[in-house]
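Q: This is the structure I want to talk about, given as structure tokens.
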Amino acid sequence: MPATPIFQFDKPTNSVEALRRSISNRLVYQVGKDLRSATQRDWLFAVFHAVRDRIMDGWRESLAQAEEQDAKRVYYLSLEFLTGRALTNAMMAADIYEPVKQACALLGADFDALIDLEPDAGLGNGGLGRLAACFLDSMATLGLPGMGYGIRYEYGMFAQRIVKGQQVEEPDYWLVNGYPWEFMRPEFSYTVRFGGHLVPQNGHSQWVDTEDVIATAYDSGVPGHQMRSVVTMRLWSARASGGVNLDAFNRGDYIQAVEAKNQSENVSRVLYPDDRTEHGHELRLRQEYFFVSASLQDILRRHLKSHNGLEQLADKVAIHLNDTHPALAVPELMRLLLDEHQLDWESAWSLCTRIFSYTNHTLMEEALETWQVDLLSRVLPRHMGLIFDINARFLAEVHARFPDDHALLRRISLIEERGTRRVRMAHLSVLASHKVNGVSALHSQLMVDTIFSDFVQMYPDRFCNKTNGITPRRWLSQANPSLSALIDSRIGPDWRRDLDQLAQLRDLADEPEFQNAFRLAKQQNKRRLTELIARSPGVIVDPHSLFDVQVKRMHEYKRQLLNVLHVITRYHRILAQPHANWVPRTVIFAGKAASAYYMAKLIIRLINDVARVINNDPLIGSLLRVVFIPNYRVSLAEIIIPAANLSEQISTAGTEASGTGNMKFALNGALTIGTWDGANIEIAENVGLDNIFVFGNRADKVTELRGYGYQPRGYYEGNFDLKLAIDRLTEGAFSPEEPERYRDVVNTLLETDYYQLLADYGDYCASQDKVDDLYRHPAAWTRSAILNVAGMGPFSSDRTIREYATDIWGVKPIQ
């Protein structure tokens, strides 16, 4: 008989001495350096490997326990995971931050410098991706069995530079030095097929002559608080199914030699390629199918590894679609069940509708994803056929229930027939999901009242609300150590797992000693941000001024332009009355505009032009400063958000599904100025209307104005300050070298103003005056800030994920 394998390994411990030896060993044997030759990058990688070793036991145990208990698992499909930096988060989860810092000091390594050297993972852009990252953190903290699936983008979205006031996009080389947190898993590689054509065979369609791409898995561990469990984030990287064309290479045709290889691997190069061109549009479609196909093949492989068939699939698997980007998972699962596993249609569709659930993140028609039927038919012919079959059966069901309502059939069909025929991916997601949720109370109500009202007639119990949340481990404990230490000293550290405990701070809101300590923590954070701003973009700001912050994706509905109009008005008022009792204010912007989004990029340029004029006006001095911080990302947000006094959440009412930036700012003691929109409403209800500045028309009034024929020029003519601000833009006051530069901005405001900035301008400015009035009274302002922190218990992503697990996924924590 063969001898029993002897498999032993050394489980690492967390003492300072053990960590010192571990980092030393990793530096020598993993990185290949020693004390004489090690660079900062080498030390970073050595520390990374030493910390990764310490989450491995928890990671292995989490996977093993889920398998041993045959637990139902949730698979979270998202095109984005905006994780930020991994190292500090992991050290805090494993409670080894201070021991690692001490070990580095013993080794002569600059801990703070190497921490700052870690790049942000280029895996997301905005709130959608950051929400997904928070959800993985909460899944791990709650011990829920599951995984996140996405794409390993080689160059991220882009790195933003500001050159002469304008956004310039450059590749985000976040992987250029390797990424020591991940494991390549070449054993989990799957063929993803495109193109080809269908051939009838034995009553079925066979998909043949396809162009194949290989998806290879890369795994990263996401540790929960105190290592409750570790969740896997599995990202797919594309590689060609064939190699270099040696015949072409040997002929000297080097471009053709690698053309097919590059074409295949482009799928995982960049997040959100510019889709203004036909090629870019097709690449976006290929990306979405690439990652759902690989993920579903992986899910079925894992299920069949421990089960004899697929009969229990819906009892063991929940798949969640984070917006419509993964919607092609629906026809892909049908294809796999029908073509690869020979299930009949009814059984396959029954499994689909019990497995899938879907989160809607937008009500805006232009953001509801659709794909041209012709494009889908060419790139994914089998899937287009399946979508037609699904639609035919669905419309037959609708007709049977509402035989006389032909307009309903047109509205609810998966295929938009007007003009160019297109597949409505949101409709497909709703139809295939057993639960569909919005992400704030208002958004969920508007969702069922508007875009999905026809589906509500068919499936009234399918829709629900799950208000978004954020992880307090990242957004308070990690981002704001000074405030976290203060909270710990008064109520203990357990709020990291139970954010409702912050409610105890309400009893301290009027205590002078606590207020002073709270203000000191805020001032420390403001000084940290002041130093960053002095380095980039190179503006000197007063840390005692009110920090007024709007940092988010650049988009017209988020209304950065409304903020700019107020800045211009404030500038004019200070010039008119320079000796009045002004509250010094620093207005801070950050955010990226999609590379093809002309108006958003023009607004970035306007912000920088306004900043240039105001910051160089000697009559203004330190009373007003305007700053645009380039290349907004998670690690930058962790510095900006704790320093904010005022949080700008000023989207047009009814357009922001939820927002999570509003939660992060309030959790860090910033007061919100915002519209009655998204989660602003629920924040107001939890912190008290006296501790938030609400302005502007409500969603119903916005709709009413549009219905009556909104006339922005009336507001322009009727408000002196507004007219002056817009006239100065028209005259080129902020771009004297090119007076017509902002003509398109002015024309948009005066001719259409779709997001109704001018309608809300007067009330917005009046609310900004109330901000000044309160800030002049430090005790009253601090009291409101403390009450904001105290009211943030319901906005933990732990609460959100617990509700998803109970009400939607049917997934329980592993024991």
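Q: Would you work out what percent of the accessible area of the chain, with all protein chains in place, is carbon or sulfur (probe 1.4 Å)?
A: Numbers: 16230 of 32330 Å².
After summing per-atom areas, the C and S share lands at 50 percent.
Q: Okay, helix-only estimate at 222 nm for the chain: each DSSP H run of n ≥ 4 adds -39500 (n - 2.57), divide by all residues, round to 500 deg cm²/dmol; what do you get? Spell out each step's value before the answer.
A: Working: 32 runs with 374 residues, N = 815.
For the chain, the value works out to -14000 deg cm²/dmol.
Q: Determine the relative contact order of the stretch 154-248: mean sequence separation of Cα pairs under 8 Å and six or more apart, normalised by residue count, in whole percent.
A: Numbers: 141 pairs, mean separation 18.7, N = 95.
Computed over the stretch 154-248, the figure is 20 percent.
Q: A further question follows. Can you give the charge dipole size of the chain about its Cα centre, rounded to the nearest 20 debye, using +1 on the beta carbon of Lys and Arg and -1 on the beta carbon of Asp and Glu?
A: Details: 88 positive and 101 negative charges, 262 e Å.
Around 1260 debye, computed over the chain.
Q: Which of the lysines could a cross-linker bridge to Lys601, judged by Cα under 16 Å and excluding same-chain residues fewer than eight apart?
A: Straight-distance partners of Lys601: Lys164, Lys552, Lys558, Lys592.
Q: Can you find, among Ala805, Ser735, Trp475, the residue farthest towards the positive end of the dipole of the chain? Put +1 on the C-beta of Lys and Arg, -1 on that of Asp and Glu.
A: Working it through, the farthest residue towards the positive pole turns out to be Trp475.
Q: Follow-up question, since we're still on this one. Enumerate the amide H contacts of Gly148 below 5 Å, restricted to partners 5 or more residues apart or on another chain; note that Pro and chain-start residues carry no placed amide H.
A: Result for Gly148 returns Tyr76, Thr232, Met233, Arg234.
Q: What lysines sit close enough to Lys11 to cross-link, taking a C-alpha to C-alpha distance under 28 Å and skipping anything fewer than 8 places away on the same chain?
A: Leaving aside lysines fewer than 8 places away in the same chain, those within reach of Lys11 are Lys33, Lys101.
Q: Still on this structure, I have one more. Please give the charge dipole size of the stretch 664-745, origin at the Cα centre, charges +1 on K and R Cβ atoms and -1 on D and E Cβ atoms. Round to the nearest 20 debye.
A: Values: 9 positive and 14 negative charges, 22 e Å.
The calculation lands at about 100 debye.
Q: Can I ask one more? Pop out the ³J(HN,Hα) list for the stretch 795-802 in order, Karplus 6.51 cos²θ - 1.76 cosθ + 1.60 with θ = phi - 60°, rounded to Hz; leave Gly and Pro as x.
A: Ordered by residue, 3J(HN,Hα) equals 9, 6, 5, 4, 5, 4, 5, 4 Hz.
Q: Another question about this same structure. By the scheme Lys and Arg +1, Asp and Glu -1, what is the net charge of all other residues having a beta-carbon under 10 Å from that of Asn645?
A: Working: positive: Lys522, Lys526, Arg585; negative: Asp548.
Summing Lys/Arg as +1 and Asp/Glu as -1 gives +2.
Q: For the stretch 291-408, what D do you get in µm² per second when you plug the Kirkwood radius from alpha-carbon pairs into Stokes-Einstein at 37 °C and 0.692 mPa s? Intermediate results must be reported in sequence, preceding the final value.
A: Details: Rh = 15.8 Å.
Answer from the Stokes-Einstein relation: 207 µm²/s.
Q: Hey, another quick one. Suppose we keep just the alpha-carbon trace of the chain; what are its Rg and Dmax in angstrom?
A: Both quantities, over Cα of the chain: 27.4, 95 Å.
Q: If you don't mind, there's one more thing I want to ask. Not counting the cut sites, what is the longest span of the chain without chymotrypsin sites (Phe, Trp or Tyr not before Pro) that DSSP labels loop and that have at most 10 other Cβ atoms within 10 Å?
A: Numbers: sites that count: Phe7, Phe9.
After excluding every exposed loop site, the longest remaining stretch is 10-815.
Q: If you don't mind, another one. Any aspartates and glutamates with Cα under 13 Å of the Lys701 Cα? List them, leaving off those in the same chain fewer than 8 positions away.
A: Of all the aspartates and glutamates, those that pass the test against Lys701 - Cα under 13 Å, at least 8 places apart if same chain - are Asp677, Asp760.
Q: For the stretch 506-653, take the convex hull of the Cα atoms, compute a quarter of its surface area, and give me that in nm², please. It would help to have the intermediate numbers written out before the result.
A: Working: hull surface 41.4 nm².
Averaged projected hull area, Cα only: 10.4 nm².
Q: Filter the trypsin sites (Lys or Arg not before Pro) in the stretch 1-38 to those in DSSP coil with at most 14 other Cβ atoms within 10 Å of their Cβ, and list the result. Numbers along the way, then the final one.
A: Numbers: sites: Arg20, Arg21, Arg26, Lys33, Arg36; in loops: Lys33, Arg36.
Sparse-neighbourhood loop trypsin sites (Lys or Arg not before Pro): Arg36.
Q: Also, quick follow-up: Using amide H atoms built in the peptide plane, which far-off residues or other-chain residues are under 5 Å from Gly654 H to H?
A: Amide H to amide H, under 5 Å and 5 or more residues apart or across chains, Gly654 pairs with Gly678.
Q: Assign one of three labels to the stretch 129-286, namely rounded, prolate or oblate, based on the Cα gyration tensor with a ≥ b ≥ c the square roots of its eigenvalues; rounded applies when a/c is under 1.5, prolate when it is not and a/b is larger than b/c, and oblate otherwise. Show your work: numbers first, answer last.
A: Values: a/c = 1.86, a/b = 1.27, b/c = 1.47.
Verdict is oblate for the stretch 129-286.
Q: What does the charge count around Gly791 come to, taking other residues whose C-beta lies under 12 Å from its C-beta (Lys +1, Arg +1, Asp -1, Glu -1)? If you can, show how the numbers build up before the last one.
A: Details: positive: Arg506; negative: Asp500, Glu682, Glu685, Asp690.
Residues near Gly791 contribute -3 overall.
Q: May I have the pair-distance distribution P(r) for the stretch 461-525, computed from all Cα-Cα distances with 5 Å bins from 0 and rounded to whole percent?
A: 4, 15, 24, 23, 15, 7, 5, 3, 3, 1, 0
Q: For the stretch 269-320, what is the accessible area per residue in Å² when the probe is 1.4 Å?
A: Values: 2060 Å² over 52 residues.
Here the per-residue accessible area is 40 Å².
Q: Now for a separate question. Classify the stretch 8-67 from the C-alpha gyration tensor, please: rounded if a/c falls under 1.5, else prolate or oblate depending on whether a/b exceeds b/c.
A: Values: a/c = 2.84, a/b = 2.17, b/c = 1.31.
Because a/c hits 1.5 or more and a/b exceeds b/c, the stretch 8-67 counts as prolate.
The values are calculated or read from the model by the stated rules, or taken from the named source; none is laboratory data. A quick note: this is a predicted structure, and the numbers were derived from the prediction, not measured. Cβ: placed from backbone, ideal geometry, glycine included. Neighbour counts: every protein chain shown. Surface accessibility is based on the protein's heavy atoms, side chains included, excluding ligands, DNA and RNA. Shrake-Rupley method; radii C 1.70, N 1.55, O 1.52, S 1.80 Å.
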